Amino acid sequence: MVENIKWHSGEINKVAREQLLGQQGIVLWFTGLSGSGKSTIAVEVEKRLYRKGKAVYRLDGDNLRFGLNKDLGFTAPDRVENIRRIGEVAALFADAGLITLASFISPYQAGREAAKKAVGSDNFKEIYIKADLKTCAQRDPKGLYQKAKKGEIKNFTGLSAPYEEPENPDLIVDTQKLSLEDSVDLVLDLI
Ligand SMILES: Nc1ncnc2c1ncn2[C@@H]1O[C@H](COP(=O)(O)OP(=O)(O)OP(=O)(O)O)[C@@H](O)[C@H]1O
Ligand SMILES: [Mg+2]
């Protein structure tokens, strides 16, 4: 609980930082099954925005588990805490004026909603990177589905842990139907 702690405002706020950077600080939150294409699309979106002179930063599930979240596993409570921290970090990045690309399975609707609340709904776009389980398991870019099917990974989303589809996402990118380039274009059209 927050006790004896008072928010200390500075004189330079989000609007001022955005003016300096010439952009709006926002979070594009990519959710979807493992192998649906979140990281692949985020990497391309990042490149395209960077080339246009935008200040952009990518937060990626795997990467954050090397540091900030290395104490967390994949049980339901750990996943909740994983996304809670990331939601807070994404909120800070957006407040800094950056275009923040967050790619996390983020399987629970409640977790994504909490992230949206932390960031502020005006600055948050929920993007559902959609591919069915069969397709993701066939792609298996990291060999994780193979391992999960052999029982070597517990709590694997889609197989032994749930994935709650977004109810009302800002955008659905169907990576079974779209090429990578068209997927990236769709995301860029949103902002
Ligand atoms: N339209 C598309 N957009 C993105 N990726 C695609 C598309 N079509 C096929 N792919 C392929 O799907 C795979 C997606 O893998 P990627 O690592 O991006 O998934 P991810 O959603 O980040 O998974 P994880 O949650 O495990 O990090 C890659 O092998 C990529 O080449
Ligand atoms: Mg990824």
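What to note about this one:
- Annotation: of all residues in region 65-84 being in a loop (DSSP other than H, G, I, E, B) and touching a helix residue (DSSP H, G or I) at 6+ places or on another chain (Cβ under 7 Å), the one that is farthest from residue 12 (Cα to Cα) is 72.
- The set of residues from region 117-150 being in contact with a Ser or Thr (Cβ under 9 Å, 6 or more places away or on another chain) and without any contact (Cβ under 8 Å) to a residue 40 or more places away in the chain comprises just one member, 148.
- For region 12-46, the candidate set comprises residues that are within 16 Å of ligand 2 (Cβ to nearest atom), out of contact with any Lys or Arg (no Cβ under 6 Å at 6 or more places or on another chain) and part of a helix (DSSP H, G or I); within that set, the residue that is nearest to residue 99 (Cα to Cα) is 45.
- Inside region 108-155, residues that are within 15 Å of residue 37 (Cβ to Cβ), out of contact with any strand residue (DSSP E or B) (no Cβ under 8 Å at 6 or more places or on another chain) and buried (at least 20 other Cβ atoms within 10 Å of the Cβ) make up a count of 2.
- Of all residues making up region 156-184, the number that are free of Cβ contacts under 8 Å to residues at least 12 places away in the same chain and buried (at least 16 other Cβ atoms within 10 Å of the Cβ): 1
- Residue list for region 166-189, filter: acidic (Asp, Glu) and either in contact with a Phe, Trp or Tyr (Cβ under 8 Å, 6 or more places away or on another chain) or more than 20 Å from residue 34 (Cβ to Cβ) (or both): 167, 170, 181, 182, 185, 189
- Considering residues of region 27-42 that are among the aliphatic types (A, V, I, L, M) and more than 8 Å from ligand 1 (Cβ to nearest atom) only, the residue nearest to residue 162 (Cα to Cα): 28
- Some residue of region 55-68 being basic (Lys, Arg), out of contact with any His (no Cβ under 7 Å at 6 or more places or on another chain) and away from ligand 2 (no atom under 13 Å from the Cβ): no
- Tallying residues that are open to solvent by 60 Å² or more (accessible area, probe 1.4 Å) and either in contact with a helix residue (DSSP H, G or I) (Cβ under 6 Å, 6 or more places away or on another chain) or closer than 8 Å to residue 26 by Cα (or both) within region 85-99 yields 2.
- Of all residue pairs spaced 6 or more apart or on separate chains, those with beta-carbon atoms under 7 Å, a first member in region 36-49 that is open to solvent by less than 10 Å² (accessible area, probe 1.4 Å) and a second member that is within 8 Å of ligand 1 (Cβ to nearest atom) and polar (S, T, N, Q) are 36/175; 41/183; 42/103.
The values are calculated or read from the model by the stated rules, or taken from the named source; none is laboratory data. This is a predicted model, so every value here is computed, not measured. In this analysis, Cβ positions are derived from the backbone assuming ideal geometry, glycine residues included, and neighbour counts consider all displayed protein chains. Surface accessibility is based on the protein's heavy atoms, side chains included, excluding ligands, DNA and RNA. Shrake-Rupley method; radii C 1.70, N 1.55, O 1.52, S 1.80 Å.
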